Amino acid sequence: MLRDLCHRLVGDLGENSSIVSLSFDKGSSRVFVLLGDGTVLHLSEIDDFLRFEGKFNACVDQEIDNGWFYLRFIAGTGSAVAISHSGSIVSIEASDVGTLEPEQIGCIDGGIASASWSPDQSFLTIITNNNTMLCMSSTWDVLQEIPMAPRLSGSTVGKQLNFSVLVSSK
């Protein structure tokens, strides 16, 4: 139901891109909506209604990037983190919602195939397009870098492969 409300609101705002990820700040009743072109909408839930609060573009260098795929509000840091297939990782301080200036955390050479936060949001696991799995803390320290076997064989060269990361607690 919330996703339907967000889709309707995105259409009402005249946005041309589709929703690729939603994240919630339950403590402040806020919703962050990531569109495929890097636009992030900030919405507030008041009495079961969504109100548009503002928007920004996650592209720090202002280059067009239509590969945004992941957004998560991280309660421990009070920020929303957006990730792009091109390799960009940006953070937006939720306390600065009035300004909504994204901060470039880093850019993974070769791009990112998939990413996921642990259930307690203490670490982020990233599968890169360079056959590496990275585990990073919520303060962006690299905890582990693990080489992986190449994912492409001769029969799949040139085809788009989709990957998902599932992180569970111990």
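Derivation of every value follows stated rules applied to the coordinates shown; laboratory data play no part. The model shown is predicted, which means the values in this text are computed figures rather than measured ones. Note that each Cβ is placed from the backbone with ideal geometry, even for glycine, and that neighbours are counted across all protein chains shown.
Spin-label model, Arg51/Met148: points 7 Å from Cα along the beta carbon direction are separated by 4.3 nm. Modelled label positions at Arg8 and Asp141, each set 7 Å beyond Cα in the direction of Cβ, lie 4.7 nm from each other.
With 0.36 nm allotted per residue and the present C-alpha distance subtracted, the Met133-Ser17 stretch has 38.8 nm of extension available.
In order along region 69-80, the Karplus-derived 3J(HN,Hα) couplings, from 6.51 cos²θ - 1.76 cosθ + 1.60 at θ = phi - 60°, round to 9, 9, 9, 8, 7, 9, 4, x, 9, x, 9, 9 Hz, and Gly and Pro are given as x.
Shown in residue order for region 28-37 are the 3J(HN,Hα) couplings computed by the Karplus curve 6.51 cos²θ - 1.76 cosθ + 1.60 at θ = phi - 60°: 10, 6, 10, 10, 10, 10, 9, 9, x, 8 Hz (x for Gly and Pro).
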